[in-house]
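Since the structure comes first, as structure tokens, the remarks are kept for the end.
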């Protein structure tokens, strides 16, 4: 009881290894309940069947005991009659002695004839053996097989009887006889070697359509089985009733031995399958991808044994069950051996998992209940093998992917040369191509396996590795950008070009991942499709997001070069009495941006280049509105045309980005500056209304920034600063909507 509880506890610990496994308890309970019901039903059926067999066996034993007792009684009667007859017949002792002499004379005469004809009979047997050895080899028709067996069997019986009689003679006589009978040894060895060949090749003989040979071999085995049964019965009777047997001189146990051809047949099958499995093991050690190919013969043999061999041999042999049990036992031993070896690689594990699937399918086609075969062919839970396979795959793929990523990062950080470019001039990283070659290779291997659980496991692991690549580039580019912004002289040149390569890499990886997903989905069941859609879909989204992040970091490089003109906005250097010079700082910005965009249009994927232009348009507006934080910023509303100069800047920027992107895109962000202008130039009495209009249009307008704008006005005073704050209670809250550009503008 305690042992059963310990095993149950160990099984439970093995099943619930991780906290996540607790979610499967209800599923496991249902599964185990179903399995228990099936096992109970099977046990009940097996118990009834075993009970019937036991009852039948007991009846047979009882009948045999009755027969044995009857035989014993008859022998006693015969013995009594013989004893009584001796007194009834006149001169019986003399007659008995004469009878013995005659019998001995006859036996001697037969013995001498047998010895005289021995060489002749052996020559005939050898000639028949040679005649059967035709061009077709030893698996040909063999017409003389039964004749050889009959004659050779008689000679062996004669030899055994003679050698038994010689045990009463001198050693010299026994040795002389043994040497005389040695002429039989070669013929016996040749015959039994042929039988061994037939035993190991029964299925191949059937494949060669030589079914008559199978029948004759079966007849030989059956004949020897019957002979062995008689010998065993005589030996048993001799040992159990020696007192009776000794009184009957005609009962001669002799020295005949059981040939046990049926047992020999079974042993040859075991040896033959062991040799074939050993060959497969050698091939597997050299190339772990050969397992399935090495066992193409396995179920073909079993199908022939079931469909054809069973019709050619006695039904009582249960020959299919014999083959099945031998094959299964040795297959289990082989699989258990290689599955638990320490040097098993991922390909080998996958081959074992695939073979398990084919094995179950083969048993199903044979209509064999796999639960009746003990132990199971794998010897370990298939789920453990799948986990181990995925573990190995993850380890190898992680190693490969780490090497790919390391090479990409090294080239990115050292920047000794410009990144690779395609025919259109778009920069790219070599690693993406290599990474997806690795991923596609492993997914193809898992897909060809035809096992959905393996494929989904590989897909999930590939997704994890691709997400790691995204995180890697997020960290590396952030570090490089920060260093460039703060200590540009400490890093190699070419960051802008390499950032474009990284951005393109994210876009390409998104396309590659989508291609993999689209290729897999049609061949999968719905549940698996949903799993792959979610797993790889999140990877695609991650690459798209990373492309956007890298795009923003590219604009950080560009705006790092625009610090000087941006820093002059709304400062004394920005003001110009000459309207023609109003926009010189904005023009400087657009010229610089255009220079960068020209490089982007070549180096970046067109979709990303367009996103960079849109990002730059918005960032220009944000930088312009944030310029109120510039040192010395002041709106000279009394002494200069602030509104006119701001509008001139806006027109320059808006026109440029309208032409660079589109009118609709430019309208998304540039019109907000008109609200800014009104906030700058509105008279004191109209300031509240201006604020209300601004806040209504842009719900996330920052009030601290509004205060800063008012504070920068030339006519700002305490009263003006208090206008908005003092009337905030009058303002009805604006519904929160989607974030606007003003939400990105802060006072600090």
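Nothing in this text is a laboratory measurement; each read-out follows from the coordinates by a stated rule. All values reported here derive from a predicted model rather than from experimental measurement. Please note: Cβ atoms are built from the backbone with ideal geometry, for glycine as well, and neighbour counts cover all protein chains shown.
Spatially, the stretch 513-550 and the stretch 585-643 are offset by 37 Å when compared through their Cα centroids. Estimated at 0.36 nm per residue, the fully extended path between residue 711 and residue 267 surpasses their Cα-Cα distance by 149.4 nm.
Determine the shape class of the stretch 563-744: with a ≥ b ≥ c the square roots of the Cα gyration tensor eigenvalues, call it rounded for a/c under 1.5, and otherwise prolate if a/b is greater than b/c, oblate otherwise.
Oblate, because a/c is 1.5 or more while a/b does not exceed b/c.
Tell me whether the stretch 574-682 comes out rounded, prolate or oblate; compute the Cα gyration tensor, take square roots of the eigenvalues as a ≥ b ≥ c, and use a/c under 1.5 as the rounded threshold. Note, shape of the stretch 574-682 comes out prolate.
Modelled this way, with points 7 Å down the Cα-to-C-beta line, the labels at residue 514 and residue 530 are 2.4 nm from one another. Kirkwood radius for the stretch 498-605, taken over all pairs of different Cα atoms as the inverse mean of 1/r, rounds to 17.2 Å. For the stretch 270-413, the relative contact order comes to 25 percent (Cα pairs under 8 Å, sequence separation of at least 6). Taking the Cα centre of each part, how many Å lie between the stretch 664-690 and the stretch 427-465? First find each Cα centre; the distance between them is then 54 Å.
At full extension, residue 496 and residue 564 could sit 22.5 nm farther apart than now, given 0.36 nm per residue minus the alpha carbon distance. Let's test the formula: R0 of 30 Å, r as the Cβ-Cβ distance of residue 366 and residue 286. What FRET efficiency results, to the nearest 0.05? E(calc), rounded to 0.05, equals 0.50.
Take 734-744, 279-289, 143-153 and order them by the average number of nearby Cβ atoms within 10 Å per residue, most first; the result is 143-153, 279-289, 734-744. A Förster distance of 56 Å, applied to the separation of the beta-carbon atoms of residue 219 and residue 343, puts the FRET efficiency at 0.70.
Remark: spin-label model distance residue 175-residue 738 equals 11.4 nm, labels positioned 7 Å along the Cα→Cβ axis.
Suppose R0 equals 30 Å. What FRET efficiency, 1/(1 + (r/R0)^6) with r the Cβ-Cβ distance, do residue 697 and residue 599 give to the nearest 0.05?
Taking R0 as 30 Å, the efficiency between residue 697 and residue 599 is 0.25.
Need one word for the stretch 263-380: rounded, prolate or oblate. Basis is the Cα gyration tensor (sqrt eigenvalues a ≥ b ≥ c); a/c below 1.5 gives rounded, then a/b vs b/c decides. Judged from the Cα gyration tensor, the stretch 263-380 comes out prolate (a/c at least 1.5, a/b above b/c). Peptides 554-561, 184-191 ordered by packing proxy, namely the average of other Cβ atoms within 10 Å per residue, highest first: 554-561, 184-191. In this label model, residue 731 and residue 32 are separated by 6.4 nm, measuring between points 7 Å along each Cα→Cβ vector. If you look at the Cα atoms of the stretch 384-547, you get an Rg and a Dmax of 17.3, 56 Å.
Computed on the stretch 563-744, with alpha-carbon pairs under 8 angstrom and 6+ residues apart, the relative contact order is 25 percent. Mean separation of Cα pairs under 8 Å and 6 or more residues apart, divided by the residue count, gives the stretch 384-547 a relative contact order of 29 percent.
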